Each structure stands twice: as structure tokens, then as C-alpha cells.
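All remarks here apply to the structure that follows.
Each value in this text was obtained by applying a stated rule to the coordinates, not by laboratory testing. Small disclaimer: the values here were computed from a predicted structure and weren't measured. All Cβ positions, even for glycine, are placed from backbone atoms using ideal geometry, and neighbour counts span all protein chains on display.
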Amino acid sequence: MGLQQVSLNLNVRGLGKSATLAINERVAELKASGKEIYSFGLGQSPFPVPNCVVKALQKHAHEKDYLPVQGLPELCEAVADFHRREDGVNIQAENVMIGPGSKELMFLLQLAFYGDILIPAPCWVSYIPQAQIIGRKVTLIETSYENRWTLSPQALEEQCAAENDQDKPRLLILNYPSNPYGDGNSVEELMKIAEIARKYNIIVLSDEIYGQTNHQGKHVSIARFYPEGTIISAGLSKWCGAGGWRLGTFSFPANLKWLLNALVVVASETYTSVSAPIQYASIAAFQESEEITNYLRHSRRILDALGQWIVKQLTQANIRIHPVEGAFYIFPDFENYRAKLANLGISDNVDLCERILEETGVAALPGYAFGRPKNELNIRMAYVNFDGDKALKVSEQISWDQSLDEAFLEQNCPMVTTGIQKLIQWLEAL
Ligand code: GLU
């Protein structure tokens, strides 16, 4: 029989490469073959790593020693201080863990925590496969277009109340501003969710990796309302443009130290510790500085203008979409075009993405990859395909009381604006 396919773990069998990374590689291949591609696939920040952080990396390139598994103490202190300052949550440095991306920390958490995982869907592509690989039971909590895809506190309450064992260990993964829909619960809803989590002793993993990209700079952490049960997940990948640096952080409340300790044990037997130069350099990103404040202000202004412009164009074209408040994603729904799409033989979001890519060059991801049923007609688009360095420099020249208009977007984000127009033209020609 040879060594092919002798024994692949059942939990891994049948899984494909993560959708976000697969589309990124496919886009690169299509571009290399000479095709004009408008990439809305991988959600990678368009902005450069701020100069003060790059400088810090250069300065610390010689750091060669293994660092403590939990993280460099000075970095843990900077992260704790960051959450106290930005989120008003009293995090202590000894309760911060640094990982090679928050994705890996999430995997460790799902592995170390024994219990059910509750996830409102649509949700980021990796939560469900991670649970599947580890063999955890996932309960998807239903959301709806009408409810802006957000978790309804009532749905959470009903889900918990319906179980025989109401005290069973549960982990709720909440993510906002959301990947894939760029929005999140209101503060009032977060308070209600916190109350329910407290009532049922749910641990909340609050994935706030896009918190700093809230377009108005008004992110509110649920940890403010449920400090004792919330783990805040954050990192450098999104707001700091450093996805490839692979640095994520988990901030635990003091009474979940047992869980943090368990993650540290598993980390010590797997990746050991995060790259030393990257950890030293990251301190500069979490510390308050004029450069970072300015960088964030302009990144948010650009994302806000672009997000609003896209939502307006799609709404005018009768595509169902909600306003976005953060991150760089939209989750449009083509239900209004169902009959016309059916004439082309398209009746699900997987086929829809495939045909859009083939016929317009616009690369996006199907709602199915984000935990939605295949037969819905929603797709995720990341509006990041532009030169963020150039856009930041131009934005800095434009006075603060002037908004970034369509001309700015067409000049600085042409692949995004043209890609959106191509998509609309394709639909209108159906
Ligand atoms: N979070 C990004 C996305 O959803 C990409 C990074 C990843 O999936 O690892 O597109």
C-alpha cells in the first residue's frame, strides 16, 4: 500500500487550506499568469508598519535569546498598559500572553479549554476549523441580515437556557469590529451579552484584533462590562500593518490565570516563544506616541471614506449591505439578484464567487467560508488592495475638516474603486 494516506487524523481529513490564505495564493497565481485581478480576498492591512516600530525592529535585530514562554515582560507591561489606556480595562502585565499571532493563541485556548464553543455566524474563517481539528463541539448561534449579522443577546440567552446542563463550561467567541461584516454590537447589546455571560459563567473570548480600526476611534471592549470573564484577543496584524510579523496578544482577567497557565504549558511544548526581535520591536507599537496616534487617525479616515463609498455604490445597485463601522470588510448579499443569477446557473455563494472571479477578475470569499449556509448569496470582500503608504501621505496633506472625496479614492485606491464598479456592471448586465 505504500505510505500514501495510511492514517490521517479524522479531524484533519477533508479539511482544505484556510480560505483566506488559499485565495491569497490563488490571486498571486492568477496575477502571475497575466490576468487582471481585483483582489478583495485576503484581509491584510494596506498600511505600512509605522516607522518607529520598524526602527525598533532594526535596533533589536541582534536579540537572539529565547524569551519567556508567556512573553517578554516589558512587552506584556506595554500591552497591559495599552488596554488600560485605550479600553479602560484593568489588565495586569502578569496576565498577558504573547503568541505568534492571535490565531495560534486561539488554537491553544480551544485546546486547553474543555467545553462547548459558542460562535455567532457569520464568523472569521478559522474559528470553526480550529474547533474541528481539536474535536470540540461548536454551536453556531443564528444571526440574520435584518439584525445586521450581530449576536442577539436574546439568541444567546435562549441557547444557554435550552441546554440540560445550564452550568456546563462554555466559551463564546465574539469578534468586533467583525470579520466578515465590519460592524458589531451596540454598547447596550454588549452590556446585555455581558449580563448573560455572567449568569451562565461563560468565558468570552473577545476577538478585538480590529478594535483600533474602528473608523471613528470609538471601540468599546466588552471587558469593561464583564472584566472577570473576558479574554481580550489583540495584536499587531491589523491596525499596525504587521500581519506577517505574527504577533498576537491575549489579556486575561486575574481569575482566569489557571487557563493562561495551561496555554503557557502547551506553548512551551510547541512554539517555545515568539521571535525575540519582533517582541522587542512591538513595545514601540503599544506605547503611546504622536506617530502612532497620527498613523491611526489617517488610516481610520481612509478606511472610513472607502468603506462608506463602497456601501453607497452597492446600495445604489440594489445589493443588500449594512453601513460599516470598522475593520476593512464588507459582507454584501445578492439576494435581490437571485432570479437573474439562477438564469446563469448560480444558486449559492461558492458558485457566485467563482463566477465573479472568472467573469470580472474580482476575487472575494463566499459566505460559506464564514459559517453561513451555502445557499445564501453573501460574500466577503476585503477593501485593502491599495498602496496604504501613498494614501497615508496624501491624507496627511488634506486638512482635517475636509473629507476624503471620491477623487481621493479613485486616485489612491483605484483597484478597489474599479473592482467595485466591475462587480456592479456585471450584475447590472445580467
Ligand atoms: N484575518 C485575515 C482574513 O480574514 C487573514 C489572516 C488569516 O486568515 O490568517 O482575511
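Key figures for this structure:
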{"item": "Nonlocal amide H pairs with ASP207, under 5 Å, H built at 1.01 Å", "result": "LEU174, ASN175, TYR176, SER233"}
{"item": "Distance violations [Cα-Cα > 28 Å] among LYS218/LYS374; LYS312/LYS374; LYS31/LYS218; LYS103/LYS257", "result": "LYS218/LYS374; LYS31/LYS218"}
{"item": "Sorted by Cβ density within 10 Å, fewest first, the residues CYS160, CYS52", "result": "CYS52, CYS160"}
{"item": "Projected-area mean, region 80-227, by convex hull of Cα positions, square nanometres", "result": "8.8"}
{"item": "Equivalent-ellipsoid semi-axes of the chain, from the Cα gyration tensor, Å, largest first", "result": "32, 28, 23"}
{"item": "Pairwise FRET efficiency - ASN90 versus ALA28, Cβ, R0 = 51 Å, nearest 0.05", "result": "0.70"}
{"item": "Vicinal HN-Hα couplings computed from phi for region 199-209 (Karplus, 6.51 cos²θ - 1.76 cosθ + 1.60; Hz; Gly/Pro x)", "result": "4, 9, 6, 7, 7, 9, 9, 9, 7, 10, 4"}
{"item": "Residue-averaged 222 nm ellipticity for the chain, from DSSP H runs of 4+ at -39500 (n - 2.57), nearest 500", "result": "-13000 deg cm²/dmol"}
{"item": "Region 143-271: equivalent-ellipsoid semi-axes (sqrt of 5 x gyration tensor eigenvalues, Cα, Å)", "result": "24, 22, 12"}
{"item": "Rounded to whole Hz, the Karplus (6.51, -1.76, 1.60) HN-Hα couplings of region 309-322, x for glycine and proline", "result": "4, 5, 4, 5, 4, 5, 4, 4, 8, 6, 9, 7, 7, 9"}
{"item": "From the C-alpha gyration tensor of region 22-123, square roots of 5λ in Å", "result": "31, 24, 15"}
{"item": "Using θ = phi - 60° and Karplus 6.51 cos²θ - 1.76 cosθ + 1.60, couplings along region 390-396 (whole Hz; Gly, Pro as x)", "result": "5, 4, 5, 5, 5, 4, 5"}
{"item": "Unit charges at the beta carbon, dipole of the chain: most positive-side option, GLN159, GLY248, THR293", "result": "GLY248"}
{"item": "Computed lengthening from ARG198 to LEU344, 0.36 nm per intervening residue step minus Cα-Cα distance", "result": "47.6 nm"}
